[in-house]
Amino acid sequence: MGQVVVISTGGTIASRWQGSGFAADARGGDVLATAAVPEGVSVRVVDLMSVNSARLTTRDQLALLRSVHEVLADPAVDGIVVTHGTDTLEESAFLLDLHHDDPRPVVFTGAQLPLEAADGDGPRNLHDALLAAGSAELRGHGVLVAFDGRIHAARGTIKVQTLAADAFADPSGSPVADVKDGRVVVHGRPA
Ligand code: ASP
């Protein structure tokens, strides 16, 4: 456990009703406030942007990559969580994994239900991502995706469900870890 930085980019996890639909408008602090922070983890938030991920440009994705590298330049940081829309989460996570040569976990997460939904999945997903990012056992596992109690490797993982909570999976592999009873249970290293 240790110091985790949450880089907030928007998506459904940061979305509120706008009168005719949901759109990402919440700041990272509001998103973080929905989740239980695991014991022993201290969190700092970087508000990078708040957009629906189908609207992310290559420039935005490169800004995210730069931001991750800037945060990792601080040796006091133990891991990073990126909150992101699910529509292009797999592309951003894969891009970051291609440029990740640091043992510290970078864990993407998001939600299928918006910020203020009763029984929304965002708070649990964010809690699990914080747990994974602060977990010494997940060092050296590359960029990861925490969703619905599972931790997947960015490489190979795609969005497989439009609505259901278990939105991500690797069709040719199995999850790197699960989150059970508030603990990360590691199954293996990503190929
Ligand atoms: N439906 C998307 C999401 O789950 C919207 C987006 O990708 O921003 O976050």
Quiz item: Each residue of the range 158-165 in turn: what ³J(HN,Hα) in whole Hz from Karplus with 6.51, -1.76, 1.60 and θ = phi - 60°, glycine and Pro shown as x?
Solution: 9, 6, 10, 9, 6, 10, 5, 5
Practice problem: Determine the gain in length on full extension of the stretch Arg27-Thr57; use 0.36 nm per residue of separation and subtract their C-alpha separation, reporting nm with one decimal. | Solution: 8.9 nm
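Over the chain, what percent of the accessible surface lies on carbon and sulfur atoms, probe 1.4 Å? Don't jump to the answer; show the numbers that get you there.
Details: 4320 of 8730 Å².
It is 50 percent, rounded to a whole number.
Suppose all protein chains stay in the model; what accessible area per residue would a 1.4 Å probe give for the chain, in Å²? Can you show the working numbers first?
Details: 8730 Å² over 191 residues.
Per residue, the chain has 46 Å² of solvent-accessible surface.
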Practice problem: Would you grab the residues whose amide H sits under 5 Å from the one on Phe108? Only those 5+ places off in sequence or on another chain, please, with H modelled 1.01 Å from N. | Solution: Val82, Leu144, Val145, Ala146
Exercise. Could you please put Ile13, Ile158 in sequence from largest to smallest accessible area, using a 1.4 Å probe?
Key: Ile158, Ile13
Practice problem: Provide the packing ranking of 81-91, 147-157, 67-77, i.e. peptides ordered by the mean count of other C-beta atoms within 10 Å per residue, highest first. | Solution: 81-91, 147-157, 67-77
Quiz item: Nearest-5 percent of antiparallel DSSP beta bridges in the range 59-191?
Solution: 65
Quiz item: With each label point set 7 Å from Cα along the Cα-Cβ vector, what nm distance links Asp178 and Arg44?
Solution: 3.5
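The values are calculated or read from the model by the stated rules, or taken from the named source; none is laboratory data. What you see is a predicted model; the values in this text were computed from it and never measured. For neighbour counting, all protein chains shown are included, and Cβ atoms are generated from backbone atoms with ideal geometry for every residue, glycine included. The area values use the complete protein model at the heavy-atom level, side chains included, leaving out ligands, DNA and RNA. Shrake-Rupley method; radii C 1.70, N 1.55, O 1.52, S 1.80 Å.
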